[in-house]
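Peer 1: Got a structure for you, questions after.
The values are calculated or read from the model by the stated rules, or taken from the named source; none is laboratory data. Computed from a predicted structure; not experimentally measured. Don't worry about glycine lacking a Cβ; one is built from the backbone with ideal geometry, like all the others, and counts go over all protein chains shown. Calculation scope for accessible area: heavy atoms of the full protein, side chains included, ligands and nucleic acids excluded. Shrake-Rupley method; radii C 1.70, N 1.55, O 1.52, S 1.80 Å.
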Amino acid sequence: MERLQKVIAHAGVASRRKAEQLIVDGKVKVNGKVVTELGTKVSQNDDVEVNGVPIDKEEPVYYLLYKPRGVISSVKDDKGRKVVTDYLPEVKERIFPIGRLDYDTSGVLLLTNDGDFANQLMHPSHEVDKVYIVKTKGIPSSDHIKKLKKGISHEGEYLKAVHAKVMSTDRQKNTAIVQVILHEGKNRQVRRMFDALGFPVDKLKRERYGMIDLYGMNAGDYRSLKPHEVKQLRQLAEKNVE
């Protein structure tokens, strides 16, 4: 027996939090009857409907995509642009991206149909390293790097890097390669931090998420996460969530 909201989240219909709201709002039926109690538990034999649509009891799946630039981190786009799930055409489960990478940002993107797992990794207090490689227009000084680590206020939000360092510079082209490690994942965070310092981002790539990297992969490639990788990611998130 599992909690109803967890079953809905595992089916990829909604996040666990949104599933709870759907239940409270009377949008969920179990065996034909509306259920609004969050403590409700169901089994594999129970029929669950959300907004009148039966949910499929899918096995949880976990994937790593090397997201190319120029792709939307979504399962659909009303403007007809390419979305990340277009790169996993053989996957039949209703997967969705865990968090987002900007349209012009490439790199590690995890996808799953496991809403509980996704919520764990995106929890505000989790401390999973997200490692980015940034090519900047202009060369940040050591003082600028210190500001990234100390934190920057931008458009009413406090943006902070866990770690940052200049990897290389090109004085002739006036560019630099900077490594930035984040724990949070606010909208366009890396770009906004560097914009605030006066160094527009030319290219941005997420190189690593926790222990997951892009070794042996090219842009557009995907692979299943190994069971031990899923376990390690879960442990990373759980140990930092009260």
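Peer 1: Would you tally the net charge around residue 68, using a Cβ to Cβ cut-off of less than 14 Å, leaving residue 68 out, and scoring K and R as +1, D and E as -1?
Peer 2: +3
Peer 1: Shifting gears a bit: Give me the percent of Cα-Cα pairs in segment 87-171 that sit more than 15 Å apart, rounded to a whole number.
Peer 2: On the way: 2566 of 3570 pairs.
The share of Cα pairs beyond 15 Å in segment 87-171 comes to 72 percent.
Peer 1: Let me check I've understood the local charge: for residue 138, count other residues with C-beta under 13 angstrom from its C-beta, Lys and Arg +1, Asp and Glu -1. What total comes out?
Peer 2: Result for the local shell: +1.
Peer 1: OK, next. What are the principal axis extents of the Cα atoms in the chain, in Å, biggest first?
Peer 2: 69, 37, 36
Peer 1: Now, a different point. When the convex hull of the C-alpha atoms of segment 174-231 is computed, what volume per residue in Å³ does it have? Don't skip to the answer; put the middle values down first.
Peer 2: Values: hull volume 7.3 nm³, N = 58.
Hull volume normalised by residue count: 126 Å³.
Peer 1: If packing is taken as the average number of other Cβ atoms within 10 Å across a peptide's residues, how do 7-14, 205-212 rank, most packed first?
Peer 2: Going from most to least packed, we get 7-14, 205-212.
Peer 1: Based on a Kirkwood Rh over C-alpha pairs, give the Stokes-Einstein translational diffusion coefficient of segment 98-242 at 37 °C and viscosity 0.692 mPa s in µm²/s.
Peer 2: Calculated translational D: 204 µm²/s.
Peer 1: Per residue, what accessible area does the chain have, given a 1.4 Å probe and all protein chains present, in Å²?
Peer 2: Result: 54 Å² of accessible area for each residue.
Peer 1: With a point put 7 Å past each Cα toward its Cβ, work out how far residue 149 is from residue 172 in nm, to one decimal.
Peer 2: With each label point 7 Å from Cα toward Cβ, the separation is 3.1 nm.
Peer 1: Evaluate 2.2 N^0.38 Å with N set to the residue count of segment 73-122, then give the Cα radius of gyration divided by it.
Peer 2: 1.14
Peer 1: If you don't mind, another one. Please identify every one of the GluC sites (Glu not before Pro) in segment 1-71 that sits in a loop by DSSP and has no more than 13 other beta carbons within 10 Å of its own beta carbon. Let's see the in-between values first.
Peer 2: On the way: sites: 2, 20, 37, 49, 58; in loops: 37, 58.
Sparse-neighbourhood loop GluC sites (Glu not before Pro): 37.
Peer 1: Sticking with this structure for a sec: Tally up the carbon and sulfur contribution to the accessible surface of segment 117-242 as a whole percent, 1.4 Å probe, everything protein left in place.
Peer 2: Taking all protein chains in place, segment 117-242 shows 47 percent carbon and sulfur surface.
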